[in-house]
1. Yes or no: ASP66 in a loop (DSSP other than H, G, I, E, B), at negative phi and either open to solvent by 80 Å² or more (accessible area, probe 1.4 Å) or acidic (Asp, Glu) (or both)?
2. So which of MET22, MET1, MET7 ends up being among the hydrophobic types (A, V, I, L, M, F, W, C) and more than 12 Å from VAL67 (Cβ to Cβ)?
3. Could you pull out the residue among ASN38, ASN85, ASN50 that is under 22 Å from PHE110 (Cβ atoms), out of contact with any helix residue (DSSP H, G or I) (no Cβ under 6 Å at 6 or more places or on another chain), surrounded by fewer than 17 Cβ atoms within 10 Å (Cβ to Cβ) and of a type outside the set (A, V, I, L, M)?
4. Output the residue which, of all residues in region 91-119 that are outside any loop (DSSP other than H, G, I, E, B) and more than 11 Å from VAL26 (Cα to Cα), is most open to solvent (accessible area, probe 1.4 Å).
5. Only residues in region 7-19 that are assigned to a helix (DSSP H, G or I) count as the first member; pair them with residues that are hydroxyl-bearing (Ser, Thr, Tyr), Cβ under 8 angstrom, at least 6 apart or cross-chain, and list the lot.
6. Within the set of pairs 6 or more residues apart or between chains, which connect a residue that is farther than 13 Å from PRO96 by Cβ and among the hydroxyl-bearing types (Ser, Thr, Tyr) inside region 27-44 to a residue that is open to solvent by less than 60 Å² (accessible area, probe 1.4 Å) and not in a loop (DSSP other than H, G, I, E, B) with Cβ atoms less than 8 Å apart?
Amino acid sequence: MAECIRMVWGEARGCNYEEMIMVALVYWNREKSNIRFNKPEKDFLGLQQNLMLNADNEIQKKAFFDVVRACEHAKKLSENNEDDNILFFNLHGNKPKTKYKTQAIKKDNFAHTFFRIKN
């Protein structure tokens, strides 16, 4: 859970709650996937950032708890096989470099574009 929290904090802090769930969902889906991926530190730039939190800052505390809730919510979705083929995301909207055919998922209120593997 800690690695997912660090990743979402670095990748999606400041995004809306639904988008944080989607970012976390990619993490959990990759964790259980049979597909071989790069190590999380290579693919998720958010893991390269320090998790700096000022415990006296109420806004940061709320943001942190939202990230934790998003990770927990996404883990349940992944365990229930909901949207378990969503395995990539990025900010630039370009298709991921993979041998699999992907389909973009873009929402107007999201900064990230998500990609599912087509069956």
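The values are calculated or read from the model by the stated rules, or taken from the named source; none is laboratory data. Just so it is clear, the model here is predicted, and its values are computed rather than measured. Neighbour counts run over all protein chains shown; Cβ positions are idealised from the backbone, glycine included. Accessible surface areas use protein heavy atoms only, side chains included; no ligands, DNA or RNA. Shrake-Rupley method; radii C 1.70, N 1.55, O 1.52, S 1.80 Å.
1. no
2. MET22
3. ASN85
4. Once the filter is applied, the top-ranked residue is LYS106.
5. MET7/TYR27; VAL8/TYR27
6. Filtered contacts from region 27-44: TYR27/GLU3; TYR27/CYS4; TYR27/MET7; TYR27/VAL8; TYR27/PRO40; TYR27/CYS71; TYR27/ALA74; SER33/LEU87.
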